[in-house]
1. Kindly identify segment 3-134 as rounded, prolate or oblate by the Cα gyration tensor criterion: order the square roots of the eigenvalues as a ≥ b ≥ c, call it rounded if a/c is under 1.5, otherwise compare a/b with b/c, prolate if a/b is larger, else oblate.
2. Dipole of segment 3-134 (Lys/Arg Cβ +1, Asp/Glu Cβ -1, origin at the Cα centre): which of Val37, Ala4, Ala111 lies farthest to the positive side?
3. With 10 angstrom as the radius, rank Phe76, Phe48 by how many other C-beta atoms surround their C-beta, starting from the fewest.
4. Per residue of segment 31-46, in order, report the coupling 6.51 cos²θ - 1.76 cosθ + 1.60 (Karplus, θ = phi - 60°) as ³J(HN,Hα) in whole Hz, putting x for Gly and Pro.
5. Taking the Cα centre as origin and putting +1 on Lys and Arg beta-carbons and -1 on Asp and Glu beta-carbons, what dipole magnitude results for segment 3-134, to the nearest 20 debye?
6. Sort Arg134, Arg28, Arg10 by Cβ crowding within 10 Å, fewest neighbours at the top.
7. Can you give me the relative contact order of the chain as a percent, contacts being Cα pairs under 8 Å and 6 or more apart?
8. What ranking do Phe34, Phe60, Phe39, Phe52 get, fewest neighbouring Cβ atoms within 10 angstrom at the top?
Amino acid sequence: MDEAKQNEIRSWLQKGLQDLKSADWLLRSPYPLFNAVGFHSQQAAEKFLKAFLTWCDKPFGKTHSLVALVGECLEFDESFQELRDAATTLTPYAVTARYPGDLPELTIEEAEEAYKLSQQVWDVVIDLLPPEIRDNLEKS
């Protein structure tokens, strides 16, 4: 795999990790922002899935639908089957969690679940990527 492709995949992963860290920080803040946790959790999962699809040379277009992205990932690996529920839960948080009236405020339990689901997406994706992609990436 050429270096440019490796860098593009790593960029998707790094951006996703920034969202994951943001979600964690917002969840543990003295003034937690649960809808923002949902948004950043969805964004992290989306970027992890797009990293995988980039590795597979699968164009994905502009979409926030994790359900669609998981469906595309399933063309390459059945491991993504376990992410169907995560995709269904997280997808609405892409846009609706950001605007009033679109979605009720998330509870702490829903925010914690969103964060855990985005970590689950990370785990599946990172396990499938080759070591040369995983080098120099930190989850913590």
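1. prolate
2. Ala4
3. Going from least to most buried by this count: Phe76, Phe48.
4. 10, x, 10, 5, 5, 5, 4, x, 4, 5, 5, 4, 4, 4, 4, 4
5. Approximately 500 debye in magnitude.
6. So the residues, fewest neighbours to most, are Arg28, Arg134, Arg10.
7. 32 percent
8. Details: Phe34 19, Phe60 16, Phe39 24, Phe52 28.
Starting with the residue having the fewest Cβ neighbours, the order is Phe60, Phe34, Phe39, Phe52.
The numbers here are math on the coordinates, done by the rules we state, and not lab data. Since this is a predicted model, take the numbers as computed values, not measurements. Using ideal geometry, Cβ is built from the backbone for each residue, glycine included, and neighbour counts are taken over all protein chains shown.
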